[in-house]
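Enquirer: To start, I am sharing the structure in question, which I have written as structure tokens.
The values are calculated or read from the model by the stated rules, or taken from the named source; none is laboratory data. The structure displayed is predicted, hence computed values, not measured ones. Cβ sites come from the backbone with ideal geometry, for glycine too, and all protein chains shown count toward neighbours.
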Amino acid sequence: MTPQRWSQIKGVFNGALERPAGERMVWLRAECGTDLTLFEEAEKLLRSHDTLGPFLDRPADVDPEDLALAVPPGAASDDGAAAGAIWHSGDRVGEFEIIRPIGRGGMGVVYLATDRRLHRNVALKSLPVALAGNTELRERLKREARAAATITDPAVATVYSLEEVEGHLLLASEFLDGPTLRTVINEGPMDAATVHAIALQVARGLRAAHEAGVVHRDLKPENIVITPGGAAKIVDFGIAWLEGPGHTHQAKLTRSGAMIGTPAYMAPEQLMGQSVDARTDIYAFGVIVAEMLSGRHPLSVADAAPAARERTPEDDVLTGLLQRIADHCRQTSPARRVRTARELADRLDGMAGVVGAAKPAQRTTRFWWEFHQGAAAVSYVVMLVPAWFARTTIGGVEGRSFFIATTCAAVMASMLRLHLWFTSRQHPTELPWARRRSAAWIRLADILVVVSLVIGAALVAAQSVLDVVLLVLAVGAAVSFMVIEPSTARAAGIEHEAGKAGGAAR
Amino acid sequence: MPLVYDELRRIAARYMGRERPGQTLDATGLVNEAFVRLAAERTRQFENRTHFLAIAALSMRQILVQRARTKRAIKRDAGGQQVTLDDASAPPSAVRAGFERPDPDRPGDVDVLALDEALTRLAAFDPEQAQIVELRYFGGLTVEETAEAVGVSPATVKRQWAMARAWLKQALEGGA
């Protein structure tokens, strides 16, 4: 049955139902004209409709025992890796030599194999046999695999090739040795810095994929592998849609018994069977981050609280920030979520300063940045003393204007620096945000101070040594904000934000 | 999947201690109870009730299908001692929803595995109808709730529901 044909049938079926029972067949006959099969199909459906009786009338009855004994999806696939394996160690499949079966997914068995042409180990995933006979699906698979193969990001498992051997479709991709994020989460609560590190990698991986036009559609902890080096790798890009939830071709694939995807990471629109795009991955990302933070799924029942663990205030702060991102990703309406994976990666990147702050080693470097901010604020105020004397030396309207301009600029620069200093001391996590907000204003105030000092020096001319003092102050201020400040910020690990803010200021 | 799933199972466990053996629960009651209990604990998470209901409906479908499969496998392993409908000695609980055959005493019951398969086929050419059946039958949602979840009018839900039922009945009887 094609969707087109079905909607044709739907049209006459609904039309017939609107007629009185006695006129239906006559109407249907006339409506279908020469299309006899259409008439037959619709007539059969109408007959079935008239004899529905109690069929599906009441919702499913559930034996409580069935519910209690049900195994959550996913749990079963972890054990019995080799179950259903059709090849064994030493078998040759095309150019591959099977080393051993390593796992079983919803679609088929995954093997560790050696590519004999290139002498490298690959993960070889056998795809459903049903695919081989379906040209449309195979074309789509080829397209998606090709697109997935163009993704080059350390956080995405590289797709090498799609092979067809003895009627089997095989996807060869990077072999990753390590537990999945699911195992890591189950081992116990993770500290905020680790969560941040994994989230940032995954976000960058998503960014690379989305910009290559590939949406994952089934992102979940089971699809993220953590290598021994601590790197996160997303697997199954380009093929998740095959077994992924909400896909209409599911019919052809699940007939042999594969379970439909896990609803726990599905965005509302995906559950409703509506269109799926990059923002669906963003929703799943939010669920995963929330789960890493708390050790349990955000929609789960709070009965077994994860073991308490020592936390520093910085840890709490970072946790709060990550939680906010997770909440923002998990908005019901796709339009209200974080818009792109790029934005997501940028925001996580922007937290680098806080992660730095959470590390004791970075404490002293932050101190020098704070010291610089405080010292600069005080210097700007002290600067007003020579400016006051210069006012009388210049005299008249020019003198007054010079003093007012210098005072305004100096007070502005000083206030903003004190604000940053205070923020850094009291609300370290808000610092990146505060810096972003005030960077352009600080830069403007700094430039105004320098400019008005230079003008002041020119107006004073040779009337006193004040011109030299004002020029020295101008040079000092310029060196301070152009050279010293970036260095201290860089050392404190918050340089990245400043770079972005500088970009915004221009 | 530790969410709705666990809650559904917990409710079932409570009922088992209380009700007499063989008693079944209906999807509407289960799903709503799970919602009330979960929502009471974490009010903010379920601002969108329909999202929850859709998850619950899908979970129920998976649970029932999985259990039906397990039971069929167990029965096969038992050495072909097929319990048929005509077997008067078969305990009524063995032919409950989720089992292989419908129970003649319960006219609304269907073969869950066959229904699941037919539903998956339906989804290939009419995802909306399949979704409506899942919500209505496995989730126990009312017409209005289904309309809200799918984002169509109640009248449309009724029309689609009627046609989907007709097609599924035909499919289960081997006619499509």
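Enquirer: In the range A:271-296, which residues are over 15 Å from A:Ile224 (Cβ atoms), small (Gly, Ala, Ser) and either in contact (Cβ under 8 Å) with a residue 60 or more places away in the chain or part of a helix (DSSP H, G or I) (or both)?
Expert: Those that are over 15 Å from A:Ile224 (Cβ atoms), small (Gly, Ala, Ser) and either in contact (Cβ under 8 Å) with a residue 60 or more places away in the chain or part of a helix (DSSP H, G or I) (or both): A:Ala278, A:Ser294, A:Gly295.
Enquirer: Further question on the same structure: Look at the range A:142-151 and say how many of its residues are touching a strand residue (DSSP E or B) at 6+ places or on another chain (Cβ under 7 Å) and in contact (Cβ under 8 Å) with a residue 40 or more places away in the chain. Break it down stepwise before answering.
Expert: Going residue by residue through the range A:142-151, those that are touching a strand residue (DSSP E or B) at 6+ places or on another chain (Cβ under 7 Å) are A:142, A:145, A:148-149.
With the extra rule that they be in contact (Cβ under 8 Å) with a residue 40 or more places away in the chain, the set shrinks to A:145, A:148-149.
Looking only at that region, the number is 3.
Enquirer: I've got another one for you. In the range B:128-156, what residues are more than 10 Å from chain A (Cβ to nearest Cβ) and touching an Asp or Glu at 6+ places or on another chain (Cβ under 8 Å)?
Expert: B:Val152, B:Pro154, listed by residue number.
Enquirer: Could you please give the count of residues in the range B:135-151 that are in a helix (DSSP H, G or I) and surrounded by fewer than 24 Cβ atoms within 10 Å (Cβ to Cβ)? Steps first, please.
Expert: The first filter runs over the range B:135-151 and keeps only residues in a helix (DSSP H, G or I), leaving B:135-138, B:143-150.
Retained after the next criterion (residues that are surrounded by fewer than 24 Cβ atoms within 10 Å (Cβ to Cβ)): B:143-145, B:147-148, B:150.
Residues in the range B:135-151 being in a helix (DSSP H, G or I) and surrounded by fewer than 24 Cβ atoms within 10 Å (Cβ to Cβ): 6 in total.
Enquirer: Please work out if A:Arg425 is assigned to a helix (DSSP H, G or I) and more than 16 Å from A:Val451 (Cα to Cα).
Expert: So A:Arg425 fits the description; yes.
Enquirer: Take A:Gly178 and decide whether it is in a loop (DSSP other than H, G, I, E, B), over 19 Å from the mean Cα position of the chain (by Cα) and not charged (D, E, K, R).
Expert: yes
Enquirer: Right, another one. Can you tell me which of B:Pro107, B:Pro127 is at pLDDT below 50 and under 17 Å from B:Leu168 (Cβ atoms)?
Expert: Unique residue meeting the criteria: B:Pro107.
Enquirer: Out of (1) facing chain B (nearest Cβ under 7 Å); (2) in a helix (DSSP H, G or I); (3) touching a Phe, Trp or Tyr at 6+ places or on another chain (Cβ under 7 Å), the odd one out for A:Lys44 is which?
Expert: Only one criterion in (1) facing chain B (nearest Cβ under 7 Å); (2) in a helix (DSSP H, G or I); (3) touching a Phe, Trp or Tyr at 6+ places or on another chain (Cβ under 7 Å) is unmet by A:Lys44, namely (3).
Enquirer: How many residues does the range A:4-39 hold that are surrounded by 13 or more Cβ atoms within 10 Å (Cβ to Cβ) and closer than 24 Å to B:Ala123 by Cα?
Expert: Selection size over the range A:4-39: 14.
Enquirer: Here's a follow-up. Is it true that some residue in the range A:386-405 is within 25 Å of A:Glu485 (Cβ to Cβ), modelled with pLDDT under 90, surrounded by 18 or more Cβ atoms within 10 Å (Cβ to Cβ) and of a type outside the set (S, T, N, Q)?
Expert: Yes - at least one qualifying residue is present in the range A:386-405.
Enquirer: A further question follows. Taking only pairs six or more apart or across chains, which ones have beta-carbon atoms under 6 Å, a first residue in the range A:322-342 that is modelled with pLDDT of 90 or more, and a second residue that is not in a helix (DSSP H, G or I)?
Expert: A:His328/A:Val338; A:Cys329/A:Arg337; A:Cys329/A:Val338; A:Arg337/A:Gln331
Enquirer: If I filter the range B:158-176 down to residues being in contact with a Lys or Arg (Cβ under 8 Å, 6 or more places away or on another chain) and not in a loop (DSSP other than H, G, I, E, B), which single residue comes out as surrounded by the most Cβ atoms within 10 Å (Cβ to Cβ)?
Expert: Among them, the one singled out is B:Met163.
Every residue, every condition in (1) in contact with a Leu (Cβ under 9 Å, 6 or more places away or on another chain); (2) over 19 Å from A:Ala123 (Cα atoms), yes or no:
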| position | (1), (2) |
| --- | --- |
| A:Thr152 | no, no |
| A:Leu162 | yes, no |
| A:Val165 | no, no |
| A:His168 | yes, no |
| A:Phe175 | yes, no |
| A:Thr183 | no, yes |
| A:Pro189 | yes, yes |
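Enquirer: On to the next question. With respect to the numbered conditions (1) buried (at least 16 other Cβ atoms within 10 Å of the Cβ); (2) modelled with pLDDT under 90, which one is the sole condition not fulfilled by A:His427?
Expert: Status for A:His427: all satisfied but (1).
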